[in-house]
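A short worksheet on the structure shown next.
The values are calculated or read from the model by the stated rules, or taken from the named source; none is laboratory data. A quick note: this is a predicted structure, and the numbers were derived from the prediction, not measured. Positions of Cβ are backbone-derived with ideal geometry, glycine not excepted, and every protein chain shown enters the neighbour counts. Ligands, DNA and RNA are stripped out before the accessible areas are found, and what is left, the full protein with its side chains, is counted by its heavy atoms. Shrake-Rupley method; radii C 1.70, N 1.55, O 1.52, S 1.80 Å.
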Amino acid sequence: MTTDRSVIVDSLGVGLATGAYGVSFGAISTTSGLDVLQTCVLSLLVFTGASQFAFIGIIASGGNPVTGALTAVLLGSRNLFYGLSLAQRLNLKGAQRLASAHFVIDESTAMAVTRENTRQSRLGFYWTGISIFILWNLMTFVGALAGEKIGDPQTYGLDAAVGAAFLGLLWPRLTSWHARLVALFGAAVALGLVPLTAAGLPIILGGGAAVVLGMLWRPKAAA
């Protein structure tokens with residue numbers, strides 16, 4: 001039987017590994033045009049790595065900030081579905097539910113839904129979500145300060161690091177052949193639209209196409 005202690009230890013391990021990656025976002029953000037304050041506020045208020053990297057990627061490529069924001073919202077919309085699945089499992093009410101919503105991310109959800117009871121689901125959710133939040137924001141600040149010293153991202157090839165970092169966050173979540181095919185379809189649509197549309201739109205349209213395909217095409221469960 002899983003103990004409370006083991007849940008906390010596992011959650012902190014995930015929190016440390018994920019939160020430390022915030023240094024990459026901080027450095028890439030400030031070398032792409034945002035200042036330290038803007039970068040830190042983005043991590044504090046948005047707090048979902050994939051959306052943050054997508055927004056910065058569009059800004060770095062010369063895209064419209066509004067397009068970047070729409071892309072970030074599209075990617076972050078998955079957290080809404082996470083929240084729906086967590087609502088009954090965590091059994092939170094009123095102000096507790098509202099205060100906890102900010103910590104609904106991939107990692108905290110994963111550490112909560114696999115638990116045997118409500119108590120351990122809460123332990124996994126809060127220890128993971130809060131530890132990532134604290135370390136992610138701290139390392140964002142450290143990376144942002146370092147990024148200001150680095151200067152032009154193209155000098156060091158950091159403009160390519162946005163895409164690499166985004167893929168680094170995405171790939172571990174593609175755990176089935178179905179998810180990988182849907183992701184490849186979205187990437188193909190986005191690449192095909194690059195020469196035809198303004199910067200930023202290929203990501204939105206490719207992501208939208210992947211979402212639609214994922215909803216319409218679901219593999220049949222094995223007999």
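Checking each residue in the range 67-97 for being more than 28 Å from GLY208 (Cα to Cα) and without any contact (Cβ under 8 Å) to a residue 12 or more places away in the chain picks out GLN88, LEU92, LYS93, GLY94, ALA95, GLN96, ARG97. Are any of the residues in the range 33-44 closer than 12 Å to VAL142 by Cα and not in a helix (DSSP H, G or I)? No, because not a single residue in the range 33-44 is closer than 12 Å to VAL142 by Cα and not in a helix (DSSP H, G or I).
Scanning for something open to solvent by 60 Å² or more (accessible area, probe 1.4 Å) and among the polar types (S, T, N, Q), does the range 37-55 turn up at least one residue? Looking through the range 37-55, at least one residue is open to solvent by 60 Å² or more (accessible area, probe 1.4 Å) and among the polar types (S, T, N, Q). Checked against (1) open to solvent by less than 50 Å² (accessible area, probe 1.4 Å); (2) at pLDDT below 85; (3) not in a loop (DSSP other than H, G, I, E, B), ALA17 meets all criteria but (1). Taking residues in the range 9-30 that are at negative phi, and partners anywhere that are among the acidic types (Asp, Glu) and at pLDDT 85 or above, the pairs with Cβ atoms closer than 6 Å and at least 6 places apart or on different chains are VAL14/GLU107; THR18/GLU107. Just give me the residues in the range 76-116 being under 15 Å from LEU45 (Cα atoms) and in a helix (DSSP H, G or I), in sequence order. The answer is GLY76, ASN79, LEU98, ALA99, SER100, ALA101, HIS102, PHE103.
Pairs linking a residue in the range 108-130 that is polar (S, T, N, Q) to a residue that is open to solvent by 30 Å² or more (accessible area, probe 1.4 Å), with Cβ atoms under 6 Å and 6 or more positions apart or on different chains, are THR109/TYR82; THR118/ASN91; SER121/ARG89; SER121/ARG115; THR128/VAL14; THR128/GLU107. Scanning the range 34-83 for residues that are touching an Asp or Glu at 6+ places or on another chain (Cβ under 9 Å), more than 23 Å from GLU107 (Cα to Cα) and polar (S, T, N, Q) gives a single hit, SER61. If I filter the range 68-88 for residues that are of a type in the set (Val, Ile, Thr), open to solvent by 80 Å² or more (accessible area, probe 1.4 Å) and under 17 Å from the mean Cα position of the chain (by Cα), do I get at least one hit? Yes - at least one qualifying residue is present in the range 68-88.
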